[in-house]
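Data first, discussion second: the structure below is written as C-alpha coordinates.
The values are calculated or read from the model by the stated rules, or taken from the named source; none is laboratory data. These numbers were taken from a predicted model, which means no experiment stands behind them. FYI the Cβ positions are ideal-geometry reconstructions off the backbone, even for glycines, and counts take in every protein chain you see.
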(Lines give C-alpha, C1' and ligand atoms only; values in the text may rest on other atoms or scores of the structure.)
Protein backbone atom coordinates (compact mmCIF):
# COMPACT_ATOMS: atom_id res chain seq x y z
CA UNK A 1 0.00 0.00 0.00
CA UNK A 2 2.82 2.41 0.82
CA UNK A 3 4.22 1.95 -2.69
CA UNK A 4 0.85 2.78 -4.26
CA UNK A 5 0.48 5.75 -1.94
CA UNK A 6 3.86 7.24 -2.91
CA UNK A 7 3.19 6.76 -6.64
CA UNK A 8 -0.23 8.39 -6.44
CA UNK A 9 1.08 11.30 -4.37
CA UNK A 10 3.91 11.88 -6.84
CA UNK A 11 1.38 11.98 -9.69
CA UNK A 12 -0.62 14.49 -7.65
CA UNK A 13 2.47 16.68 -7.28
CA UNK A 14 3.14 16.52 -11.05
CA UNK A 15 -0.44 17.61 -11.78
CA UNK A 16 -0.20 20.46 -9.28
CA UNK A 17 3.15 21.53 -10.73
CA UNK A 18 1.55 21.88 -14.14
CA UNK A 19 -1.73 23.52 -13.15
CA UNK A 20 -1.32 25.39 -9.84
CA UNK A 21 -0.47 28.56 -11.76
CA UNK A 22 -4.07 28.74 -13.03
CA UNK A 23 -5.34 29.92 -9.64
CA UNK A 24 -5.53 33.55 -8.66
CA UNK A 25 -3.00 34.43 -5.96
CA UNK A 26 -5.65 34.62 -3.24
CA UNK A 27 -7.21 31.24 -4.10
CA UNK A 28 -3.76 29.70 -4.49
CA UNK A 29 -2.65 30.77 -1.02
CA UNK A 30 -5.88 29.55 0.59
CA UNK A 31 -5.57 26.16 -1.09
CA UNK A 32 -1.90 25.87 -0.14
CA UNK A 33 -2.78 26.67 3.46
CA UNK A 34 -5.40 23.90 3.55
CA UNK A 35 -3.07 21.48 1.74
CA UNK A 36 -0.32 22.20 4.28
CA UNK A 37 -2.74 21.44 7.11
CA UNK A 38 -3.57 18.08 5.50
CA UNK A 39 -0.02 17.09 4.57
CA UNK A 40 1.39 17.90 8.01
CA UNK A 41 -1.69 16.47 9.76
CA UNK A 42 -2.33 19.64 11.73
CA UNK A 43 -5.35 19.33 14.00
CA UNK A 44 -8.36 21.47 13.17
CA UNK A 45 -8.15 24.66 15.16
CA UNK A 46 -4.36 24.59 15.44
CA UNK A 47 -2.85 27.98 14.68
CA UNK A 48 -0.55 27.54 11.71
CA UNK A 49 2.94 29.01 12.04
CA UNK A 50 3.63 31.56 9.31
CA UNK A 51 7.32 30.65 9.38
CA UNK A 52 6.67 26.91 9.04
CA UNK A 53 4.16 27.24 6.23
CA UNK A 54 6.42 29.74 4.46
CA UNK A 55 9.31 27.27 4.47
CA UNK A 56 7.02 24.45 3.36
CA UNK A 57 5.61 26.60 0.55
CA UNK A 58 9.07 27.47 -0.79
CA UNK A 59 10.14 23.83 -0.69
CA UNK A 60 6.97 22.67 -2.43
CA UNK A 61 7.30 25.23 -5.23
CA UNK A 62 10.92 24.17 -5.73
CA UNK A 63 9.79 20.55 -5.91
CA UNK A 64 7.15 21.49 -8.47
CA UNK A 65 9.80 23.16 -10.64
CA UNK A 66 11.61 19.82 -10.78
CA UNK A 67 8.43 17.84 -11.53
CA UNK A 68 6.66 20.11 -14.01
CA UNK A 69 7.87 18.26 -17.12
CA UNK A 70 7.68 14.75 -15.70
CA UNK A 71 5.28 12.10 -17.00
CA UNK A 72 2.68 10.49 -14.78
CA UNK A 73 3.82 7.15 -13.39
CA UNK A 74 1.83 3.93 -13.79
CA UNK A 75 0.30 2.47 -10.64
CA UNK A 76 2.10 -0.73 -9.65
CA UNK A 77 -0.05 -3.43 -8.04
CA UNK A 78 1.04 -7.05 -7.70
CA UNK A 79 3.89 -6.42 -10.15
CA UNK A 80 1.38 -5.12 -12.70
CA UNK A 81 1.78 -1.60 -14.13
CA UNK A 82 -1.54 0.14 -14.73
CA UNK A 83 -2.18 3.48 -16.41
CA UNK A 84 -3.07 5.99 -13.65
CA UNK A 85 -6.29 6.90 -15.47
CA UNK A 86 -7.57 3.30 -15.45
CA UNK A 87 -9.62 3.93 -12.33
CA UNK A 88 -11.89 0.90 -12.58
CA UNK A 89 -9.06 -1.57 -13.09
CA UNK A 90 -7.15 -0.16 -10.12
CA UNK A 91 -10.22 -0.21 -7.87
CA UNK A 92 -10.94 -3.81 -8.81
CA UNK A 93 -7.56 -4.68 -7.29
CA UNK A 94 -7.52 -2.45 -4.20
CA UNK A 95 -11.15 -2.29 -3.02
CA UNK A 96 -10.67 -5.64 -1.29
CA UNK A 97 -7.98 -3.92 0.80
CA UNK A 98 -10.56 -1.27 1.79
CA UNK A 99 -8.92 1.33 -0.43
CA UNK A 100 -10.41 3.50 -3.16
CA UNK A 101 -8.67 5.35 -5.99
CA UNK A 102 -9.57 7.83 -8.68
CA UNK A 103 -7.63 9.19 -11.63
CA UNK A 104 -9.53 11.55 -13.91
CA UNK A 105 -9.80 15.14 -15.10
CA UNK A 106 -11.19 18.21 -13.38
CA UNK A 107 -11.58 21.88 -14.26
CA UNK A 108 -9.56 23.09 -17.26
CA UNK A 109 -8.46 19.53 -17.99
CA UNK A 110 -6.38 19.22 -14.81
CA UNK A 111 -5.62 15.59 -13.89
CA UNK A 112 -7.02 14.84 -10.43
CA UNK A 113 -5.86 11.84 -8.42
CA UNK A 114 -6.60 10.56 -4.94
CA UNK A 115 -6.15 7.45 -2.81
CA UNK A 116 -8.13 6.94 0.38
CA UNK A 117 -9.48 4.42 2.81
CA UNK A 118 -12.83 3.05 1.62
CA UNK A 119 -15.69 3.64 4.06
CA UNK A 120 -18.58 2.36 1.97
CA UNK A 121 -19.32 1.08 -1.52
CA UNK A 122 -22.77 0.61 -3.00
CA UNK A 123 -24.56 0.45 -6.35
CA UNK A 124 -26.85 3.29 -7.42
CA UNK A 125 -28.75 2.36 -10.61
CA UNK A 126 -25.85 1.29 -12.84
CA UNK A 127 -23.37 3.57 -11.01
CA UNK A 128 -20.96 2.61 -8.25
CA UNK A 129 -20.89 4.93 -5.24
CA UNK A 130 -17.70 5.13 -3.21
CA UNK A 131 -17.59 7.01 0.10
CA UNK A 132 -14.04 7.41 1.34
CA UNK A 133 -12.68 8.37 4.75
CA UNK A 134 -9.00 9.08 5.50
CA UNK A 135 -7.13 10.38 2.45
CA UNK A 136 -3.71 8.89 1.81
CA UNK A 137 -2.76 10.84 -1.32
CA UNK A 138 -4.38 13.90 -2.92
CA UNK A 139 -3.93 16.99 -5.06
CA UNK A 140 -3.87 20.63 -4.04
CA UNK A 141 -7.54 20.69 -5.05
CA UNK A 142 -9.64 18.06 -3.28
CA UNK A 143 -13.29 18.27 -4.41
CA UNK A 144 -15.66 16.62 -1.90
CA UNK A 145 -17.67 15.02 -4.71
CA UNK A 146 -16.62 13.76 -8.12
CA UNK A 147 -18.18 11.76 -10.92
CA UNK A 148 -16.10 9.73 -13.36
CA UNK A 149 -17.75 7.56 -15.99
CA UNK A 150 -19.93 5.13 -13.98
CA UNK A 151 -18.42 6.01 -10.60
CA UNK A 152 -19.37 8.57 -7.94
CA UNK A 153 -16.77 9.48 -5.33
CA UNK A 154 -17.80 11.20 -2.10
CA UNK A 155 -14.65 12.23 -0.24
CA UNK A 156 -15.69 12.55 3.39
CA UNK A 157 -12.36 13.89 4.68
CA UNK A 158 -12.20 16.49 1.92
CA UNK A 159 -15.74 17.55 2.76
CA UNK A 160 -14.82 17.85 6.43
CA UNK A 161 -11.79 19.99 5.58
CA UNK A 162 -13.88 22.11 3.22
CA UNK A 163 -16.40 22.70 6.01
CA UNK A 164 -13.65 23.61 8.47
CA UNK A 165 -12.22 26.15 6.03
CA UNK A 166 -15.68 27.68 5.80
CA UNK A 167 -15.91 27.84 9.59
CA UNK A 168 -12.58 29.67 9.79
CA UNK A 169 -13.73 31.96 6.99
CA UNK A 170 -16.86 32.82 8.98
CA UNK A 171 -14.67 34.22 11.76
CA UNK A 172 -13.44 36.90 9.36
CA UNK A 173 -16.98 38.17 8.81
CA UNK A 174 -19.79 39.02 11.19
CA UNK A 175 -22.48 39.45 8.58
CA UNK A 176 -25.92 37.90 8.64
CA UNK A 177 -25.27 35.64 5.66
CA UNK A 178 -26.11 32.01 4.70
CA UNK A 179 -22.92 30.65 6.26
CA UNK A 180 -23.47 32.44 9.57
CA UNK A 181 -27.05 31.14 9.60
CA UNK A 182 -25.79 27.59 9.03
CA UNK A 183 -23.37 27.67 11.93
CA UNK A 184 -26.07 28.77 14.37
CA UNK A 185 -27.41 25.22 14.22
CA UNK A 186 -24.15 23.77 15.59
CA UNK A 187 -22.19 24.33 18.77
CA UNK A 188 -18.70 24.83 17.36
CA UNK A 189 -17.75 27.09 20.26
CA UNK A 190 -18.15 24.42 22.95
CA UNK A 191 -18.04 21.16 20.97
CA UNK A 192 -16.07 21.78 17.73
CA UNK A 193 -15.14 18.18 16.92
CA UNK A 194 -18.62 16.77 17.56
CA UNK A 195 -20.21 19.60 15.59
CA UNK A 196 -17.83 19.10 12.68
CA UNK A 197 -18.64 15.39 12.49
CA UNK A 198 -22.37 16.10 12.70
CA UNK A 199 -22.24 18.73 9.99
CA UNK A 200 -20.11 16.53 7.73
CA UNK A 201 -22.62 13.69 8.09
CA UNK A 202 -25.43 16.02 7.05
CA UNK A 203 -23.61 17.53 4.09
CA UNK A 204 -22.53 14.15 2.64
CA UNK A 205 -26.14 13.80 1.47
CA UNK A 206 -26.08 17.18 -0.29
CA UNK A 207 -22.84 16.33 -2.09
CA UNK A 208 -24.22 12.93 -3.06
CA UNK A 209 -27.40 14.42 -4.51
CA UNK A 210 -25.43 16.96 -6.52
CA UNK A 211 -23.44 14.12 -8.08
CA UNK A 212 -26.67 12.24 -8.77
CA UNK A 213 -27.92 15.40 -10.45
CA UNK A 214 -24.75 15.46 -12.55
CA UNK A 215 -25.53 11.92 -13.69
CA UNK A 216 -29.08 12.88 -14.65
CA UNK A 217 -27.86 16.01 -16.43
CA UNK A 218 -25.32 13.95 -18.35
CA UNK A 219 -28.03 11.53 -19.45
CA UNK A 220 -30.12 14.43 -20.76
CA UNK A 221 -27.28 16.27 -22.50
CA UNK A 222 -25.31 13.33 -23.89
CA UNK A 223 -21.72 13.24 -25.07
CA UNK A 224 -22.15 16.44 -27.06
CA UNK A 225 -21.98 18.45 -23.83
CA UNK A 226 -18.75 16.80 -22.69
CA UNK A 227 -17.18 17.34 -26.10
CA UNK A 228 -18.17 21.01 -26.00
CA UNK A 229 -16.76 21.59 -22.50
CA UNK A 230 -13.53 19.78 -23.37
CA UNK A 231 -13.00 22.04 -26.38
CA UNK A 232 -13.61 25.34 -24.55
CA UNK A 233 -10.56 27.36 -23.54
CA UNK A 234 -10.41 29.00 -20.14
CA UNK A 235 -12.96 31.73 -20.74
CA UNK A 236 -16.11 33.41 -19.55
CA UNK A 237 -18.06 31.09 -21.84
CA UNK A 238 -16.63 28.04 -20.07
CA UNK A 239 -17.40 29.37 -16.57
CA UNK A 240 -20.92 30.34 -17.57
CA UNK A 241 -21.56 26.99 -19.26
CA UNK A 242 -20.39 25.08 -16.19
CA UNK A 243 -22.70 27.23 -14.05
CA UNK A 244 -25.64 26.34 -16.31
CA UNK A 245 -24.82 22.63 -15.93
CA UNK A 246 -24.50 22.92 -12.12
CA UNK A 247 -27.83 24.73 -11.88
CA UNK A 248 -29.45 22.00 -13.99
CA UNK A 249 -27.93 19.23 -11.86
CA UNK A 250 -29.23 20.80 -8.67
CA UNK A 251 -32.69 21.35 -10.13
CA UNK A 252 -32.78 17.64 -11.01
CA UNK A 253 -31.64 16.29 -7.64
CA UNK A 254 -30.15 18.54 -4.95
CA UNK A 255 -32.90 21.12 -4.58
CA UNK A 256 -35.77 18.59 -4.52
CA UNK A 257 -33.93 16.69 -1.76
CA UNK A 258 -33.31 19.86 0.23
CA UNK A 259 -36.94 20.93 -0.02
CA UNK A 260 -38.20 17.49 1.00
CA UNK A 261 -35.78 16.08 3.57
CA UNK A 262 -33.07 18.50 4.64
CA UNK A 263 -32.75 20.43 7.86
CA UNK A 264 -32.65 24.21 7.66
CA UNK A 265 -28.89 24.18 8.32
CA UNK A 266 -28.26 22.25 5.10
CA UNK A 267 -30.43 24.62 3.09
CA UNK A 268 -28.48 27.60 4.40
CA UNK A 269 -25.18 25.84 3.67
CA UNK A 270 -26.25 25.08 0.11
CA UNK A 271 -26.82 28.76 -0.57
CA UNK A 272 -23.63 29.69 1.25
CA UNK A 273 -21.70 27.68 -1.32
CA UNK A 274 -23.35 28.74 -4.56
CA UNK A 275 -20.69 30.26 -6.78
CA UNK A 276 -20.90 33.89 -7.80
CA UNK A 277 -21.48 32.89 -11.42
CA UNK A 278 -24.35 30.57 -10.53
CA UNK A 279 -26.01 33.30 -8.49
CA UNK A 280 -25.43 35.86 -11.23
CA UNK A 281 -27.30 33.86 -13.87
CA UNK A 282 -29.94 32.60 -11.41
CA UNK A 283 -31.00 35.63 -9.34
CA UNK A 284 -34.45 34.14 -8.78
CA UNK A 285 -33.13 31.37 -6.56
CA UNK A 286 -31.42 33.81 -4.22
CA UNK A 287 -34.53 35.97 -4.06
CA UNK A 288 -36.57 32.87 -3.16
CA UNK A 289 -34.02 31.92 -0.52
CA UNK A 290 -34.20 35.38 1.07
CA UNK A 291 -37.98 35.10 1.16
CA UNK A 292 -37.68 31.73 2.93
CA UNK A 293 -35.31 33.30 5.48
CA UNK A 294 -37.91 35.95 6.24
CA UNK A 295 -41.05 33.82 6.24
CA UNK A 296 -39.97 30.20 6.68
CA UNK A 297 -42.04 29.32 3.60
CA UNK A 298 -40.24 27.03 1.11
CA UNK A 299 -42.94 27.36 -1.54
CA UNK A 300 -41.17 29.98 -3.64
CA UNK A 301 -38.04 27.82 -3.84
CA UNK A 302 -40.07 24.66 -4.51
CA UNK A 303 -42.09 26.33 -7.29
CA UNK A 304 -38.90 27.49 -8.96
CA UNK A 305 -37.38 24.00 -9.16
CA UNK A 306 -39.45 22.63 -12.07
CA UNK A 307 -39.25 25.92 -13.93
CA UNK A 308 -35.49 26.06 -13.49
CA UNK A 309 -35.03 22.44 -14.59
CA UNK A 310 -36.70 23.15 -17.94
CA UNK A 311 -34.97 26.51 -18.27
CA UNK A 312 -31.41 25.29 -17.70
CA UNK A 313 -31.93 22.18 -19.82
CA UNK A 314 -33.09 24.34 -22.75
CA UNK A 315 -30.16 26.74 -22.29
CA UNK A 316 -27.67 23.87 -22.12
CA UNK A 317 -29.02 22.29 -25.30
CA UNK A 318 -28.93 25.68 -27.04
CA UNK A 319 -25.28 26.10 -26.02
CA UNK A 320 -24.46 22.75 -27.63
CA UNK A 321 -26.17 23.81 -30.86
CA UNK A 322 -24.32 27.14 -30.89
CA UNK A 323 -21.00 25.39 -30.41
CA UNK A 324 -21.76 22.85 -33.12
CA UNK A 325 -22.72 25.65 -35.51
CA UNK A 326 -19.99 28.20 -34.81
CA UNK A 327 -17.11 26.18 -33.35
CA UNK A 328 -14.37 28.44 -31.99
CA UNK A 329 -16.42 31.46 -33.02
CA UNK A 330 -19.25 30.41 -30.71
CA UNK A 331 -17.94 31.85 -27.42
CA UNK A 332 -19.47 35.34 -27.66
CA UNK A 333 -22.74 33.79 -28.87
CA UNK A 334 -22.76 31.44 -25.87
CA UNK A 335 -22.13 34.28 -23.44
CA UNK A 336 -24.85 36.40 -25.07
CA UNK A 337 -27.35 33.54 -24.84
CA UNK A 338 -26.77 33.04 -21.12
CA UNK A 339 -26.65 36.76 -20.36
CA UNK A 340 -30.04 37.25 -22.03
CA UNK A 341 -31.64 34.32 -20.18
CA UNK A 342 -31.10 34.88 -16.49
CA UNK A 343 -33.77 33.24 -14.37
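Scanning the range 205-218 for residues that are surrounded by fewer than 19 Cβ atoms within 10 Å (Cβ to Cβ) and farther than 23 Å from residue 109 by Cβ, which turns out farthest from the chain's Cα centre (by Cα)?
So, considering only residues that are surrounded by fewer than 19 Cβ atoms within 10 Å (Cβ to Cβ) and farther than 23 Å from residue 109 by Cβ, the one farthest from the chain's Cα centre (by Cα) is 216.
For residue 222, only one of the following conditions fails: (1) more than 24 Å from residue 22 (Cα to Cα); (2) touching a residue at least 60 places away in the same chain (Cβ under 8 Å); (3) outside the structural domain of residue 100 (by TED's automatic domain parsing). What is its number?
(2) is the only condition that residue 222 fails.
Output the number of residues of the range 17-45 satisfying the condition of being farther than 12 Å from residue 139 by Cβ, assigned to a helix (DSSP H, G or I) and more than 17 Å from the chain's Cα centre (by Cα).
7
Under 16 Å from residue 273 (Cβ atoms), assigned by TED's automatic domain parsing to the domain that holds residue 12 and either modelled with pLDDT under 90 or surrounded by 17 or more Cβ atoms within 10 Å (Cβ to Cβ) (or both): does that describe residue 141?
Working: under 16 Å from residue 273 (Cβ atoms): yes; assigned by TED's automatic domain parsing to the domain that holds residue 12: yes; either modelled with pLDDT under 90 or surrounded by 17 or more Cβ atoms within 10 Å (Cβ to Cβ) (or both): yes.
So residue 141 passes the test.
Output the qualifying pairs, or none if there are none: Cβ atoms under 6 angstrom, residues six or more apart or on different chains, first residue in the range 286-302 and surrounded by fewer than 16 Cβ atoms within 10 Å (Cβ to Cβ), second residue modelled with pLDDT of 90 or more and in a helix (DSSP H, G or I).
Note: pairs meeting the criteria are 286/279.
Return the residues of the range 260-272 that are farther than 14 Å from residue 204 by Cα and surrounded by fewer than 15 Cβ atoms within 10 Å (Cβ to Cβ); say none if nothing qualifies. Step through it out loud before you land on a result.
Here is the first cut: in the range 260-272, the residues farther than 14 Å from residue 204 by Cα are 260, 264, 268, 271-272.
260 - this is the single residue of the range 260-272 that is farther than 14 Å from residue 204 by Cα and surrounded by fewer than 15 Cβ atoms within 10 Å (Cβ to Cβ).
Does at least one position in the range 335-342 carry a residue that is out of contact with any helix residue (DSSP H, G or I) (no Cβ under 9 Å at 6 or more places or on another chain), within 21 Å of residue 218 (Cβ to Cβ) and either free of Cβ contacts under 8 Å to residues at least 12 places away in the same chain or not assigned by TED's automatic domain parsing to the domain that holds residue 197 (or both)?
no
Take residue 215 and tell me if it is in contact with a strand residue (DSSP E or B) (Cβ under 8 Å, 6 or more places away or on another chain), at pLDDT below 90 and closer than 30 Å to residue 328 by Cβ. Please lay out each step first, then the result.
Numbers: in contact with a strand residue (DSSP E or B) (Cβ under 8 Å, 6 or more places away or on another chain): yes; at pLDDT below 90: yes; closer than 30 Å to residue 328 by Cβ: yes.
Judged against the criteria, residue 215 is a match.
Taking the options 157, 168, name whichever one is part of a helix (DSSP H, G or I) and modelled with pLDDT of 90 or more. Break it down stepwise before answering.
Working: 168 fails: modelled with pLDDT of 90 or more.
Only one candidate passes the filter, namely 157.
Quick one: is residue 234 touching a helix residue (DSSP H, G or I) at 6+ places or on another chain (Cβ under 6 Å), in contact (Cβ under 8 Å) with a residue 12 or more places away in the chain and outside any helix (DSSP H, G or I)?
Working: touching a helix residue (DSSP H, G or I) at 6+ places or on another chain (Cβ under 6 Å): yes; in contact (Cβ under 8 Å) with a residue 12 or more places away in the chain: yes; outside any helix (DSSP H, G or I): yes.
Yes.
Any residue that is surrounded by fewer than 10 Cβ atoms within 10 Å (Cβ to Cβ) and assigned to a loop (DSSP other than H, G, I, E, B) - is there at least one of those in the range 48-63?
no
Taking residue 141, is it in a strand (DSSP E or B) and either without any contact (Cβ under 8 Å) to a residue 12 or more places away in the chain or on the phi < 0 side of the Ramachandran plot (or both)?
So residue 141 fails the test.
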